[in-house]
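Have a look at the structure below before the remarks.
Bear in mind these aren't lab numbers, they're just calculated from the coordinates by the rules spelled out. On a predicted model such as this, the values are computed, not experimentally measured, just so you know. Methodologically, a virtual Cβ is constructed for each residue, glycine included, from the backbone with ideal geometry; neighbour enumeration extends over all protein chains shown.
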Amino acid sequence: MPSTKSKRGEVQLFVHSICCSESSKSLICLVMPLVNPDIMVWARKTAGLTIEEAATKIQLERHKLEKIERGEDIPTPSMLRRMAEKYRRPPVTFYLEDIPRKSNYGTDFRGRAKEYTPKEEAHVSALLRYAQSSQQLIRATLELEEEAIILPFVGFLRQKWNLPKEAGSVKQRLLDMSTSQYKESVSDALGGLDLVLGDECTRDIYHAQPNKAKSFKLLRASCERSGIFVILKNDLGSYHTKMSSNLFRAFVVADEIAPLMVINSGDSEAAKSFSLLHEIVHLLLEQTGISDLELSNPIEKFCNQVAGQWLLPSESLKAVWTGDQSRLPELAGMISQLCEQWNLSHMMVATRLHQEGLILQEVYSQLMEVYKFEWERSRQHNQKKSTGKQDGGPGYFTTQRSRLGEGMLHFADRMIQSGGLTVSKAAIILGVKPWNVSKLLNPK
């Protein structure tokens, strides 16, 4: 019978093995690591799960999970696999000696970050881990295949201002600018946007598209041609993990070789376009981070200003605006006409009117209350629709291809074909199981 001896950090198993000679036996000592109870607790909590929720998800009685977390019991391999899946951590994590340091996701530009629940933050953290893992694998593959190229637009503004990469220095620079310097900086940033988007996606071409979805598709394709990977995602693979744009609108890894964006797929098409332009400005500033609807942070205000100016320039707005501020219904009607004409959102047009001094603060506040109410009602309606069965809707692989984008799909397919990327690593980049990679990249 094997004997066991346990102590903190390891378990020793003594087993007999038969040597070449049937009459001789030797004693072999195998040392296997124990899972770290502190890591088990940390992994559960950072997944946003209570002890009861975790026990239910991993199909384990609560008292047994409590014993494991106290170090009084050892989980079986099947338990560990379920924990790794539900906690969204690789199995090797449970054997670490110390709790990992918090990952650096760049700057959190969200204004309401402290208001989110632990479960909401756990979902966001898992999404950011996926994004960073994908980005790091993409960059490593490009370097290995000797295809790594420094993209000139990443850090374009930061270098022009001769600033270090820290967000604090950029923020202070914006605060210290005079009005004329600020306008000049917005103009510089608009030049940076044109550098990224090129001649195939000018403002006029964008506005000439038949609808908002086509306009966003045009913007996204231009970004991908410039070397930016643009993913649309707002969940971790199930409806229960959906994240609204109140939680996050976009995330960008401002890498000079393989910049990657995640845009909230649950947002409207017009909002996606605005977020994409907003995140390009983050790339120009070389600022990795996550954004929501924050309006007070100087960096976010600047990114919003530039995105708004690109979509609706001052001269164009003033040339067509004849709204009467005293009649709110007529004012709202004119805004709707501009939205339809230029494929823009109501909130964006109202904000630009306010920025240009064409509507008063009181009128702007009233309009924004109406638009936010309508947006929330539309979001809830779409959320209810998504919970039901949608016969005839796009299939899983069609949806995944749309979310990953042509840039990501082409990169993965090309690198697999050249041998620069294994199917397993491609699965990590694409966020699917290895056996689904071929179906995803090669639709019938």
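A few comments on the model shown:
- Relative contact order for the range 36-101, counting Cα pairs under 8 Å that sit 6 or more residues apart, in percent: 47
- Length-normalised contact order for the chain - Cα pairs under 8 Å, 6+ apart - percent: 15
- Exposure proxy shown here: for Asp255, Asp204, the number of other Cβ atoms within 10 Å sets the order, fewest to most, as Asp204, Asp255.
- Loop-resident chymotrypsin sites (Phe, Trp or Tyr not before Pro) (DSSP state other than H, G, I, E or B) in the range 286-349 with no more than 11 further Cβ atoms inside 10 Å of their Cβ are absent.
- Angle between the chain longest axis and helix 361-387 axis [Cα atoms, degrees, rounded to 10]: 40
- Inter-label distance for Thr399 and Thr422, nm, one decimal - labels placed 7 Å from Cα along Cα-to-Cβ: 3.0
- For the range 115-171, taking Cα atoms only, Rg and Dmax work out to 16.3, 44 Å respectively.
- For the chain, calculated [θ]222 nm from helices alone, where every DSSP H run of n ≥ 4 adds -39500 (n - 2.57): -17000 deg cm²/dmol
- Charge sum, other residues only, whose C-beta stays under 10 Å from Leu49's C-beta, Lys/Arg counted +1 and Asp/Glu -1: +3
- Cα-based equivalent ellipsoid, the range 157-267: semi-axes from gyration tensor eigenvalues, Å: 27, 21, 14
- Sorted on the mean count of surrounding Cβ atoms within 10 Å across their residues, most packed first, peptides 366-373, 262-269, 138-145 read 262-269, 138-145, 366-373.
- Degrees, to the nearest 10: 328-342 long Cα axis against longest axis of the chain: 70
- Cα-based shape type of the range 26-152, given that a ≥ b ≥ c are square roots of the gyration tensor eigenvalues and the cut on a/c is 1.5: oblate
- Compared with the dominant Cα axis of the chain, that is its longest principal axis, helix 269-285 is turned about 80°.
- Cα centroids of the range 42-80 and the range 223-264: 31 Å apart.
- Going from the residue with the fewest nearby Cβ atoms within 10 Å to the one with the most, Met347, Met79 rank Met79, Met347.
- By the Stokes-Einstein formula, at 1.002 mPa s and 20 °C, the chain with its Kirkwood radius over alpha-carbon pairs has D equal to 87 µm²/s.
- Relative to its residue count, the range 36-101 spans a Cα convex hull of 73 Å³ per residue.
- Dipole size of the chain about its Cα centre, with +1 on Lys/Arg Cβ and -1 on Asp/Glu Cβ: approximately 1460 debye, rounded to the nearest 20.
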